Amino acid sequence: STGSVLVTLSTVQSGGALAINIHAPIMARPATGVPGTESPRKFRRLPGRPGKAQRGAMTTTLITGANKSLGFETARRLVAAGHTVYVGSRDEARGRAAATEIGARLLVIDVSSDESVARAAAQLTELDVLVNNAGIRGALKSPGELTAGDMRNVFETNVFGVVRTLHAFLPLLEKSAAPVVVNVSSGLGSHTLATDPDSIASKFTPVLYGSSKAALNMLTVQFAKAYPGMRINAVDPGYTATDFNDHTGTQTVAEGAEIIVRMAQVAADGPTGSFTDRHGTVPW
């Protein structure tokens with residue numbers, strides 16, 4: 001049985017946000033899978049190097065954009081679980097305050113800057129989990145109103161920023177016994193929903209944000225295929241009350257962070273190349 005998907009979509013006129021929340025049942029997984037099919041893929045580990053998740057050890061985790069909202073809540077919960085967490089923040093003062101509040105460590109990083117990301121990577125000696133959470137919404141414009149500059153501004157953080165950060169931290173992740181990457185995406189980046197005439201998502205055009213998250217989804221699949229020894233997944237927090245939507249979202253930040261926290265702690269033989277929210281699989 002393939003189950004059914006319930007989609008809710010909301011718009012906010014003031015300061016505006018367009019957000020999708022997808023609810024899908026968790027499907028039975030096939031015995032084997034490949035990245036991009038929302039199913040787990042086993043990988044061979046070198047003898048004598050058990051994954052941290054299997055031996056119960058804590059991880060070293062970096063979360064970009066973690067001085068507030070979903071990133072901050074994710075960091076707080078991972079610290080509470082015993083992990084060493086770096087709060088990634090563009091603003092040093094805000095990042096330091098956030099890190100101090102929850103017992104995390106500060107790492108100043110602006111994902112839109114090559115120099116900033118390189119400096120940040122040079123400060124760490126180990127990394128097990130990377131959560132690419134930093135992102136911007138961009139202006140709400142119709143396709144005909146968009147300029148290349150509008151697109152470039154959003155993609156610089158939401159897409160190029162992820163590539164920049166992955167490139168810089170891959171050497172550290174490759175040294176980990178059980179490396180994990182979580183890309184914080186959105187249901188608004190789903191091609192399936194955008195092209196389904198029966199889906200309400202197909203009636204709207206969140207071009208800037210949605211297209212950047214669609215690109216992030218493809219990056220997730222391709223990186224998962226290129227690095228089968230890592231668990232690399234995309235997640236959709238859902239319609240969460242954050243600055244993106246003037247705090248009008250129907251979920252709390254704690255609810256939105258649930259899937260990020262869960263996938264940041266995925267086992268070494270867990271899913272890779274998947275797209276999920278806290279309810280289950282999200283269609284690409």
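Computed quantities for the displayed model
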quantity	calculated
Additional length obtainable on full extension of the chain from GLU156 to THR252, 0.36 nm per residue less Cα span	31.8 nm
Compactness of segment 96-232 - radius of gyration and Dmax, Cα, Å	16.7, 50
Residue-level accessible surface for THR195, protein heavy atoms, 1.4 Å, Å²	110 Å²
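The values are calculated or read from the model by the stated rules, or taken from the named source; none is laboratory data. Predicted, not measured: the structure shown is a model, and the values here were computed from it. SASA here: full protein model, heavy atoms, side chains in, ligands and nucleic acids out. Shrake-Rupley method; radii C 1.70, N 1.55, O 1.52, S 1.80 Å.
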